[in-house]
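As structure tokens, the structure follows; a few thoughts come after it.
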Amino acid sequence: MGLHEDIQEVEEEIKKTSYNKATSHHIGRLKAKLARLRDEVVKKAASKGGGEGYSVRKSGDATVTLVGFPSVGKSTLLNQLTGANSEVGAYEFTTLDVIPGVLEYNNATIQILDVPGLVKGAASGRGRGREVIAVVRNCDLVVFILDVFQNYHHEVLTQELYDAGIRLNQKEPDVVIKRQDRGGITISSTLDLEISDDLIKAVLNDYKIHNAHVLIRDHIDVDQLIDAIMGNRVYIPAVTVVNKVDMADEYVLKKCKAEYPEAIYISANKGENLDAVKDLIYDALDFIRIYLKPQGESADMEEPLIVRNGVNVGDICDHLHRDFRRKFRYAQVWGTSAKHPGQRAGLDHVLADKDLLTLIIAK
Ligand SMILES: Nc1nc2c(ncn2[C@@H]2O[C@H](COP(=O)(O)OP(=O)(O)OP(=O)(O)O)[C@@H](O)[C@H]2O)c(=O)[nH]1
């Protein structure tokens with residue numbers, strides 16, 4: 001039996017087993033098996049020849065990927081947002097290579113990638129799926145583009161990315177698995193877990209982990225436990241844009257809005273509501289501004305550094321010069337992240353929006 005049939009069989013068994021306390025262990029094991037089989041499919045697809053796909057170099061302050069089925073209007077939107085020359089065609093699969101464009105917005109330089117339409121089966125290597133997945137894994141934000149008449153695509157695309165190990169709008173669960181040479185499996189947790197210790201042990205055993213310390217500091221389900229074991233998941237924010245609203249009547253539009261109230265509704269080729277898309281992207285990327293202040297001088301308030309929320313002083317050093325981290329002596333910080341104005345800080349100090357920063361670098 002092939003992998004796909006195995007997967008189907010397990011999926012069906014999960015479906016027909018009703019969930020309750022008595023069956024939760026069994027279902028957990030099945031889910032673990034399913035995840036393992038899916039990973040095998042992805043691995044197999046990845047090992048099947050073919051180049052590594054795209055080598056679009058990341059540039060700018062963040063990279064965004066437009067993800068959607070063929071012909072939903074990705075190239076048109078990219079052109080409208082960035083002025084890139086992404087070929088627009090009335091055929092499916094007109095975008096055969098990644099087309100990068102650059103959006104300059106609120107001082108941020110955002111690279112936007114238009115990849116070939118992601119269709120069902122991408123995670124298992126169908127079409128150009130594998131290469132598309134590689135691009136998505138490396139980006140900072142996924143922008144789903146839906147056709148207003150086919151919004152079910154959203155579910156298909158999300159599932160496809162999920163199967164490829166991409167977790168959207170999900171925080172990475174705080175689970176640490178420290179393998180040991182002996183001693184069996186010990187589990188400690190800072191909260192009451194919904195999954196039993198027996199199930200955790202069984203799943204770990206399924207993954208051939210027999211000795212380990214497991215520390216869990218989040219409410220996780222079996223799927224998240226497996227994610228932690230696999231360790232190769234990526235966690236990326238995602239937003240949704242619904243296109244071609246110019247063709248939709250009120251009824252269609254209303255129905256779509258009820259299903260996707262947080263999406264932005266646009267007409268890419270008529271250029272309608274594009275500023276809202278720019279805001280959506282900018283906000284989702286969660287940028288902060290850092291003003292550099294040379295020692296003993298006033299800060300440059302005109303051109304802040306645009307970085308992602310969560311960066312520390314060390315990240316800023318790397319951003320500015322490849323030698324800065326090595327030659328770093330100390331930093332001084334003014335603003336919300338500082339305990340007092342001009343606080344001395346090390347490489348680990350996490351910065352906040354509108355902080356002023358002085359870096360003292362050895363000559
Ligand atoms: N009515 C309408 N048509 C649109 C809109 N945006 C794009 N289109 C049309 O939809 C078709 C496909 O647009 P593309 O931008 O090539 O779509 P794509 O998603 O890049 O397609 P692939 O490259 O095949 O993945 C073209 O004929 C566009 O003119 C829109 O807002 N309204």
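Nothing in this text is a laboratory measurement; each read-out follows from the coordinates by a stated rule. Since this is a predicted model, take the numbers as computed values, not measurements. Backbone-built Cβ (ideal geometry, glycine too); neighbour counts: all protein chains shown.
Fully extended, how many nm does the chain gain between residue 102 and residue 262 (0.36 nm per residue separation, minus their Cα-Cα distance)?
55.1 nm is the gain from fully extending residue 102 to residue 262.
Of 171/255; 178/208; 16/44; 16/255; 21/178; 293/339, which pairs sit farther than 21 Å apart, going by alpha carbon to alpha carbon?
Checking Cα-Cα distances, 171/255; 16/44; 16/255; 21/178 exceed 21 Å.
Using the Cα centre of the chain as origin and beta-carbon charges of +1 (Lys, Arg) and -1 (Asp, Glu), tell me which of 295, 234, 105 is placed farthest towards the positive end of the dipole.
Working it through, the farthest residue towards the positive pole turns out to be 295.
Nearest 0.05, what FRET efficiency do residue 178 and residue 9 give at R0 = 51 Å with Cβ-Cβ as r?
E(calc), rounded to 0.05, equals 0.90.
Would you tally the net charge around residue 103, using a Cβ to Cβ cut-off of less than 11 Å, leaving residue 103 out, and scoring K and R as +1, D and E as -1?
So the surrounding residues net to -1.
In whole Å and largest first, what semi-axes does the C-alpha gyration tensor of the chain yield when each eigenvalue is scaled by 5 and square-rooted?
37, 33, 19
Largest first and to the nearest Å, give the Cα extent of region 287-361 along each principal axis.
26, 25, 23
Among 215, 152, 138, whose Cα projects farthest towards the positive end of the dipole of the chain, with charges put on the beta-carbon of Lys, Arg (+1) and Asp, Glu (-1)?
Farthest towards the positive pole: 215.
With charges only on Cβ, +1 for K and R and -1 for D and E, what is the dipole size of region 287-361 about its Cα centre, in debye, rounded to 20?
Roughly 300 debye, rounded to the nearest 20.
Whats the longest run of the chain with zero GluC sites (Glu not before Pro) that are DSSP loop and have at most 14 other Cβ atoms within 10 Å?
In the chain, the maximal stretch lacking such sites is 93-193.
Only bridges whose two residues both fall in region 265-363 count here: according to DSSP, what percent of them are antiparallel, nearest 5?
In region 265-363, approximately 85 percent of DSSP beta bridges are antiparallel ones.
GNM, the chain, Cα, under 10 Å: largest mean-square fluctuation among 71, 189, 267?
In the Gaussian network model the winner is 189.
Taking K and R as +1 and D and E as -1, what net charge do the other residues with C-beta under 12 Å from the C-beta of residue 17 add up to?
+1
Can you tally the net charge around residue 145? Count Lys and Arg as +1, Asp and Glu as -1, for every other residue whose Cβ sits under 14 Å from the Cβ of residue 145.
0
Sequence neighbours fewer than 8 away in the same chain don't count; with that in mind, list the lysines whose C-alpha is under 18 Å from residue 254.
Qualifying lysines at Cα under 18 Å: 244.
Give me a comma-separated list of calculated 3J(HN,Hα) values for region 285-291, in order, Karplus coefficients 6.51, -1.76, 1.60 applied at θ = phi - 60°, integers in Hz, x for any Gly or Pro.
After applying 6.51 cos²θ - 1.76 cosθ + 1.60, I find 6, 6, 7, 10, 10, 10, 9 Hz.
In a GNM of the chain with a 10 Å cut-off on Cα contacts, which of 353, 323, 283 has the highest mean-square fluctuation?
323
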